[in-house]
Every structure is written in structure tokens, then in C-alpha cells.
Amino acid sequence: MKRSGLLSLIITALFTGLILFIGAAEPSGPGDFRSDQFLKSGICSNCHGSSFGEWDGSMHSNADSDFFYQATLQEYGVAAEAQGLSPEFCSRCHTPVGVVSAEIPPLNGSHLSEVSKEGVQCDFCHSVAESEGIGNAPFVLEPGDIKWGNRSDAESSSHETEAHEFYNDSAYCGMCHNIYHPVNNLTLGATYTEWEESSYAEEGVNCQACHMTPGIVGFEENPGKAASTGPEREHVYTHHFVGANAFVTDVMGESRHEKRAIEYLQHAAELEVTAPDSAEPEENVKVEVKITNVGAGHRIPTGVTEDREMWLELTVNDSEGRILYHSGALDSEGKIDPETTVYHTVFADSEGKPTVKLWEAESILSDNRIGPKESVIENLSFIMPENASNPINTKAVLHYRSAPQKHIDELFGERAYTVPVIEMATYPEEEKTSTPGFGTIGAIIALSLGIAFRRRKR
Ligand code: HEC
Ligand code: HEC
Ligand code: HEC
Ligand code: HEC
Ligand code: HEC
């Protein structure tokens with residue numbers, strides 16, 4: 001072989017190797033970085049005060065300090081040690097900087113730096129150079145001078161900026177908002193997939209449109225400055241990252257985010273009730289309630305749905321206020337009436353028994369959640385008593401709770417915390433306790449006008 005031939009062979013081999021190397025970038029792993037390579041969010045706040053103010057107090061900023069998460073993490077720690085599971089599995093999404101800087105394990109957090117304790121924080125999110133797919137946080141990090149974003153004309157004297165389409169794509173959120181069991185690969189949470197299979201994905205209404213703009217059920221412009229020293233922009237993405245958590249936000253004193261979570265919940269669903277105004281004694285009275293997911297770009301509920309609960313409470317009174325029918329009530333221990341349909345996911349462990357412990361899950365026993373723009377119908381009936389007086393009144397309330405009271409009692413002791421029950425939708429609508437204009441009516445009007453679906457403009 002001639003020398004030039006050999007040289008070109010070597011060059012080709014090196015080049016192919018390089019391409020393979022770049023193409024197959026590994027997700028960042030334990031010990032790849034030091035935590036002091038990530039800046040604390042307070043530093044960004046100097047110029048990005050609005051983004052900071054919105055993020056501060058969100059479940060992203062509390063993803064590590066969340067006491068509910070911490071309690072389950074410690075349970076996982078015990079199981080992981082006994083079963084040889086990867087100790088950093090949970091922390092990869094809840095404190096990603098802690099994992100890549102090998103400050104986790106130990107899971108008690110005693111080695112965590114201040115920046116790692118910030119959970120899903122500014123410099124982590126804006127150092128994601130690429131992702132190796134969806135689920136279980138396959139991020140590839142390049143912390144340093146460059147802050148990645150989605151704006152191609154951003155200029156800052158304090159750091160480099162680089163535009164990456166990925167930041168305006170649901171796949172960005174999909175890194176962490178799909179969760180698979182680390183050993184048996186069972187789907188434990190799939191907000192991204194639920195969205196991907198919905199019409200929202202086709203219409204280009206991504207996670208950012210609803211969770212990073214004031215729109216809630218779709219994109220809404222937010223004019224202003226992305227940085228105090230930068231130019232006026234037609235639209236600046238917000239960083240509240242609010243979903244449905246009005247429990248942990250309340251306990252942790254994050255009242256702004258708690259209030260917003262209630263608003264989100266009250267934009268998600270609509271109730272239609274078909275019930276008679278009057279009935280004859282002994283008549284079998286039939287009531288039909290249709291629940292529609294009108295505002296969420298994924299199932300309701302979504303996320304860690306082994307804990308989340310959604311259910312309907314139905315009350316029928318006669319004209320003197322006597323209760324003729326009541327279902328979906330809570331008992332004194334905070335347990336939902338066992339006859340009630342609870343919308344959530346039930347996982348089974350290796351013995352087929354229901355479990356709320358993600359790492360014990362081996363199969364899905366049931367999943368009756370309501371898909372985006374889908375409806376379910378509940379039929380209820382009762383016998384009209386002899387002495388009841390017409391007209392009769394039907395009231396329906398769709399409730400949401402972040403976790404069963406029993407699970408929280410088991411983790412923290414009897415009534416250490418009372419999990420709030422949020423009214424998502426009510427029938428008749430006037431009775432809803434939310435601010436007028438922010439209820440389901442607003443959501444429907446917004447949807448029907450189509451203003452919710454304007455795409456983002458640069
Ligand atoms: C969960 C990850 C995440 C966190 C945490 C996060 N960001 Fe962002 N940020 C994004 C994404 C994604 C976008 C782009 C949204 C789009 O284009 O759809 C963005 C956009 C921005 C923008 C540009 C806004 C615009 O419209 O011009 C700035 C500035 C910014 N972020 C700063 C920050 C600061 C400062 C913090 C911390 C207080 C922070 N980010 C926390 C993901 C994050
Ligand atoms: C000294 C001021 C200053 C500090 C500190 C600062 N930035 Fe910026 N940053 C800017 C300016 C100015 C822009 C350009 C804004 C524009 O063009 O609208 C910018 C742009 C950005 C963008 C680009 C937005 C996009 O959509 O591409 C991101 C992301 C960003 N900063 C993240 C951060 C993060 C994360 C921190 C903290 C680690 C930080 N910045 C600290 C001034 C600053
Ligand atoms: C069309 C608007 C819309 C889109 C698109 C959307 N969401 Fe939501 N999201 C909502 C609303 C409304 C709620 C509150 C009701 C609920 O809990 O589902 C919510 C709730 C959530 C919650 C809290 C769920 C719980 O019960 O704990 C998470 C997490 C979430 N969204 C993440 C995402 C992610 C990730 C995406 C993209 C894959 C996304 N959302 C797309 C509107 C949207
Ligand atoms: C590094 C992983 C990670 C990424 C990337 C990420 N998230 Fe999250 N997100 C989390 C974790 C973890 C939580 C839950 C924290 C907790 O409750 O303890 C969360 C919570 C949320 C919530 C609050 C849910 C509630 O019940 O109130 C919303 C909304 C949300 N994320 C939206 C988004 C959106 C939109 C994106 C993409 C722009 C995104 N997230 C990207 C990890 C991530
Ligand atoms: C792939 C990313 C990912 C992994 C891995 C992960 N989580 Fe989460 N976790 C999330 C997201 C995203 C949410 C928010 C979803 C929602 O709001 O319903 C969340 C929410 C939670 C919540 C509810 C917190 C609240 O305030 O309501 C608990 C508890 C929790 N996770 C525990 C764990 C434990 C324990 C593990 C490990 C066995 C784990 N998570 C692994 C992404 C992850």
C-alpha cells in the first residue's frame with residue numbers, strides 16, 4: 001500500500017471515529033463535572049430578574065428540597081441499597097447538578113453544595129447542549145461560557161449565547177417528564193408521550209406554550225425584556241413552571257405558585273350534567289355527568305399519577321335541602337368514598353399488590369385518566385324517596401388532590417399535613433370559588449376563539 005493511501009485510510013478512520021464519537025455523545029454522568037462549574041441562580045438574577053422571580057418558588061426550584069420527594073427518596077435509598085439499584089436514579093431529575101458532580105450519593109444530601117440544592121436550576125437548564133432522547137434525563141451538559149437558549153439574536157456581554165431549536169421543543173421537557181423504571185423499564189410517568197400522541201402536538205402547541213407563557217391552555221404573548229440590559233422583545237418566555245401542585249407549594253410557603261397551580265387546575269376540565277329537575281316518588285332518578293379534559297395538553301391527572309387523585313363529588317338535594325344522593329365525599333380520615341371512581345394510575349408490585357412506591361412497580365393494574373380533549377361519562381342513579389319535595393337540585397364538583405391523605409400520613413404521621421382538595425370544575429358553574437373569568441368558561445372561550453393556538457413569534 002502506498003504511503004498516501006495509508007495516510008488517507010488513517011485520516012478516514014480517524015474522521016469516522018470522530019463522527020461516531022460526536023454522534024453517540026453519552027449523557028453526562030456522575031463525576032463528569034464539579035458543582036462550582038454551575039453558577040448559582042442568584043447570579044443570573046442580576047440581569048434576568050423576571051425569570052428568576054418566576055422560577056424562585058416553583059417546583060423546579062424546590063425539586064430537591066421538596067419534603068414529599070425527600071421522604072420517598074429516603075425510602076428509595078433503603079430499597080436501592082438492599083436491591084443493588086442505582087443510588088442516583090431519582091436525583092438525576094430532582095437534583096441534576098448533584099448527580100453530575102458526584103455529590104449524590106449519599107442520598108441524605110449531606111454532600112450537596114448550595115447550587116445542587118437549587119434542584120432544576122438556571123445554569124443546569126441553560127447548559128444542556130443536547131439530549132440523547134426522551135425519559136430518565138439523558139442530558140448532555142456543557143457548563144461554561146455559553147448559555148443555550150432559543151433566541152438566535154441574543155447578545156450579552158457577560159456570557160456567550162447559542163441558539164438551539166430544542167429549547168422550543170417539548171422534547172426538551174421530555175428528558176425528565178417521562179419516567180421509566182431503572183430495571184424493568186415499566187413506564188412510571190409519561191407526560192411527554194401523552195402530549196406527543198395528542199392533537200396539541202400536531203397543532204404545535206408545546207409544553208412551553210402552556211407552561212412558559214401566561215396562556216395556560218396555549219401560547220400567549222408576554223412582551224418585555226429577557227434581560228434588564230437587553231432590548232424590548234415582542235415575547236419573553238416565563239419561568240413559573242406551574243402545574244397542579246397546590247400542596248407542597250402551600251406547605252413550603254410558595255403562595256404565588258400555589259395560587260397559580262389552582263388556576264391551572266381550574267382551566268383543565270369541564271363538566272356537563274344531565275339531570276331531571278323533578279321526580280315522582282319511588283322513581284329511579286338517573287344523572288349523567290360528562291367530564292372533558294378541555295385545557296391540559298396531556299392526560300388529567302399527569303405526572304406521578306400513582307399519587308395524584310381526581311374524582312367527582314355529586315350531591316342531589318330536594319327543595320328543602322334534604323340530601324337525596326351523595327357520592328365522592330371524604331370521610332373523617334380523608335379517604336374518598338370507596339364507591340367513587342378515582343382517576344389515576346395503579347401500579348402493582350411483584351406480588352400483584354397495589355403500590356405507590358415507584359421502584360416496586362412491575363406492572364400497571366389500571367389507568368383510567370382522561371386524555372387531552374377526551375371525555376368520560378359517569379352514570380349515577382338513586383330512588384326518589386316518598387317524602388322528598390320537588391324541584392330537585394344537582395351539584396357536581398370535580399376534585400383534585402396531590403396525594404392520598406393516607407400516603408402522606410404514612411410518611412409523616414397522622415395529619416402532620418392535610419393535603420388540600422382543589423375544585424377543578426363545578427356544576428352549576430356559577431358556584432365555582434375561582435375568580436370570574438379564570439374558570440372553565442374562560443378556557444372554553446379562549447379555545448373556541450382559537451387565540452390559544454397562536455404560534456410563538458420571534
Ligand atoms: C427546566 C429548565 C429551565 C430552567 C430551570 C430555567 N430555564 Fe430559562 N429557559 C428554558 C427554556 C426551555 C427556554 C426557551 C423557551 C422557548 O423558547 O420555548 C428558556 C428561556 C430563557 C430565556 C430567554 C427568554 C426569552 O424568551 O427571550 C432566558 C433569559 C432564560 N431562560 C433565563 C433563565 C434564568 C435566569 C433561569 C433561572 C432563574 C432559568 N432560565 C431557568 C428552560 C429553563
Ligand atoms: C450581566 C448581565 C447578565 C447575567 C449576569 C446573565 N445574563 Fe443571560 N443574558 C444577558 C443579556 C443582556 C442577554 C440578551 C438578552 C436579549 O437579547 O434579549 C442574555 C441572554 C441569555 C440567554 C439567551 C436567551 C435565548 O433565548 O437564547 C440565556 C439562556 C441566558 N442569558 C441565561 C443566563 C443564565 C442561566 C445566567 C446565570 C448563570 C445568565 N444568563 C446571567 C445578560 C446577563
Ligand atoms: C394545552 C396546554 C398544555 C400543554 C400543551 C401542556 N400542559 Fe401541562 N398542564 C396544563 C394544565 C391546564 C395543567 C393543570 C391540570 C393538570 O394537572 O393536568 C397541567 C399540568 C401539568 C403538570 C402537573 C400534573 C400533576 O397533576 O401533577 C405537569 C408536570 C405538566 N403539566 C407538564 C407538562 C409537560 C412536560 C408538557 C409537554 C410534554 C405539558 N405539560 C403540556 C396545560 C398544558
Ligand atoms: C432535569 C429534569 C427536568 C427538566 C428538563 C424539566 N423538568 Fe419539569 N420538573 C422536574 C421535576 C423533578 C419536577 C417535580 C419537582 C417536585 O415536585 O419535587 C418538575 C416539575 C414541573 C412542573 C410542576 C408540576 C406541578 O405539579 O406543579 C411543571 C409544570 C414542569 N415541571 C414543566 C416543565 C417544562 C414545561 C419543562 C420544559 C421546558 C420541564 N418541566 C423540564 C424535572 C424537569
Ligand atoms: C426522569 C425524571 C425523574 C426521575 C428519575 C424521578 N422523578 Fe420524581 N418527579 C419527576 C417529575 C417530572 C415530577 C413532577 C410530576 C408531577 O408534577 O406530577 C416528579 C415528582 C415526584 C414526586 C411528587 C412531588 C410532589 O411535590 O408532589 C415525588 C414524591 C417524586 N417525584 C419522587 C421520586 C422518587 C422517589 C424517585 C426515584 C425512585 C423519582 N421521583 C425519580 C421526575 C423524575
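The values are calculated or read from the model by the stated rules, or taken from the named source; none is laboratory data. In this text, all values refer to a predicted model and were calculated from it rather than measured experimentally. Quick reminder, even Gly has a Cβ in these numbers, built from the backbone with ideal geometry, and neighbours come from all protein chains shown.
Restricting to the stretch 222-262, name every residue that is touching a Pro at 6+ places or on another chain (Cβ under 8 Å) and part of a loop (DSSP other than H, G, I, E, B). Please lay out each step first, then the result.
First, pick out the residues of the stretch 222-262 that are touching a Pro at 6+ places or on another chain (Cβ under 8 Å): 222, 225, 232-236, 238, 244, 246-247, 250.
Selection gives 222, 234, 235, 236, 238, 244, 246, 247.
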Looking at (1) more than 21 Å from residue 244 (Cα to Cα); (2) within 16 Å of ligand 2 (Cβ to nearest atom); (3) assigned to a loop (DSSP other than H, G, I, E, B), which one does residue 213 not meet, given that it meets all the others? (1)
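Test residue 333 against the stated conditions and say whether it is farther than 30 Å from residue 91 by Cα and acidic (Asp, Glu). Outline the logic, then answer.
Numbers: farther than 30 Å from residue 91 by Cα: yes; acidic (Asp, Glu): yes.
Yes: the conditions hold for residue 333.
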Go through the residues of the stretch 36-50 one by one and say whether even a single one is within 16 Å of ligand 3 (Cβ to nearest atom), in a helix (DSSP H, G or I) and surrounded by fewer than 22 Cβ atoms within 10 Å (Cβ to Cβ). no
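Going by the structure shown, is residue 193 under 25 Å from residue 140 (Cα atoms), outside the structural domain of residue 142 (by TED's automatic domain parsing), modelled with pLDDT of 95 or more and of a type in the set (Ser, Thr, Tyr)? Explain how you work it out, then say what you get.
Working: under 25 Å from residue 140 (Cα atoms): yes; outside the structural domain of residue 142 (by TED's automatic domain parsing): yes; modelled with pLDDT of 95 or more: yes; of a type in the set (Ser, Thr, Tyr): yes.
Judged against the criteria, residue 193 is a match.
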Tally up the residues in the stretch 276-317 that are within 9 Å of ligand 3 (Cβ to nearest atom) and farther than 30 Å from residue 405 by Cβ, please. 0
Here is a list of conditions, (1) of a type outside the set (Phe, Trp, Tyr); (2) away from ligand 2 (no atom under 16 Å from the Cβ); (3) closer than 29 Å to residue 198 by Cα, and residue 102 meets all of them except one; can you say which number that is? (3)
Residue 194 is checked against (1) in contact with a strand residue (DSSP E or B) (Cβ under 6 Å, 6 or more places away or on another chain); (2) within 16 Å of ligand 5 (Cβ to nearest atom) and fails just one. What number does that condition carry? (1)
If you check 221, 270, 280, 309, which single one turns out to be within 16 Å of ligand 2 (Cβ to nearest atom) and acidic (Asp, Glu)? 221
If we keep just the residues of the stretch 300-322 that are touching a residue at least 24 places away in the same chain (Cβ under 8 Å), in a loop (DSSP other than H, G, I, E, B) and more than 12 Å from ligand 5 (Cβ to nearest atom), which is surrounded by the most Cβ atoms within 10 Å (Cβ to Cβ)? 318
Cβ-Cβ under 7 Å pairs, at least 6 apart or on other chains, the stretch 164-175 side under 16 Å from residue 123 (Cα atoms), far side of a type outside the set (Asp, Glu): 164/148; 164/150; 167/148; 167/149; 167/150; 172/166; 173/192; 173/207
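For residues that are part of a loop (DSSP other than H, G, I, E, B), out of contact with any Ser or Thr (no Cβ under 8 Å at 6 or more places or on another chain) and of a type outside the set (Asp, Glu), scanning just the stretch 263-292, find the one that is surrounded by the most Cβ atoms within 10 Å (Cβ to Cβ).
Pass one, the stretch 263-292, residues part of a loop (DSSP other than H, G, I, E, B): 266-268, 275-283.
Of the ones still in play, those that are also out of contact with any Ser or Thr (no Cβ under 8 Å at 6 or more places or on another chain) are 268, 276-283.
Subsequent filtering for residues that are of a type outside the set (Asp, Glu) retains 268, 276, 278-279, 281.
On the way: 268: 28, 276: 15, 278: 14, 279: 22, 281: 11.
Among residues in the stretch 263-292 that are part of a loop (DSSP other than H, G, I, E, B), out of contact with any Ser or Thr (no Cβ under 8 Å at 6 or more places or on another chain) and of a type outside the set (Asp, Glu), the one surrounded by the most Cβ atoms within 10 Å (Cβ to Cβ) is 268.
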What number goes with the only condition from (1) outside the structural domain of residue 393 (by TED's automatic domain parsing); (2) surrounded by 17 or more Cβ atoms within 10 Å (Cβ to Cβ); (3) within 16 Å of ligand 5 (Cβ to nearest atom) that residue 237 does not pass? (3)
Residue count for the stretch 244-257, restricted to those that are surrounded by fewer than 21 Cβ atoms within 10 Å (Cβ to Cβ) and either touching a residue at least 60 places away in the same chain (Cβ under 8 Å) or of a type in the set (Asp, Glu) (or both): 4
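Got at least one residue in the stretch 353-361 being in contact with a Lys or Arg (Cβ under 7 Å, 6 or more places away or on another chain) and away from ligand 2 (no atom under 16 Å from the Cβ)? Full working, then the answer.
Pass one, the stretch 353-361, residues in contact with a Lys or Arg (Cβ under 7 Å, 6 or more places away or on another chain): none.
No, the stretch 353-361 contains no residue that is in contact with a Lys or Arg (Cβ under 7 Å, 6 or more places away or on another chain) and away from ligand 2 (no atom under 16 Å from the Cβ).
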The residue that is farthest from residue 355 (Cα to Cα), considering only those in the stretch 162-198 that are buried (at least 19 other Cβ atoms within 10 Å of the Cβ) and β-branched (Val, Ile, Thr), is 191
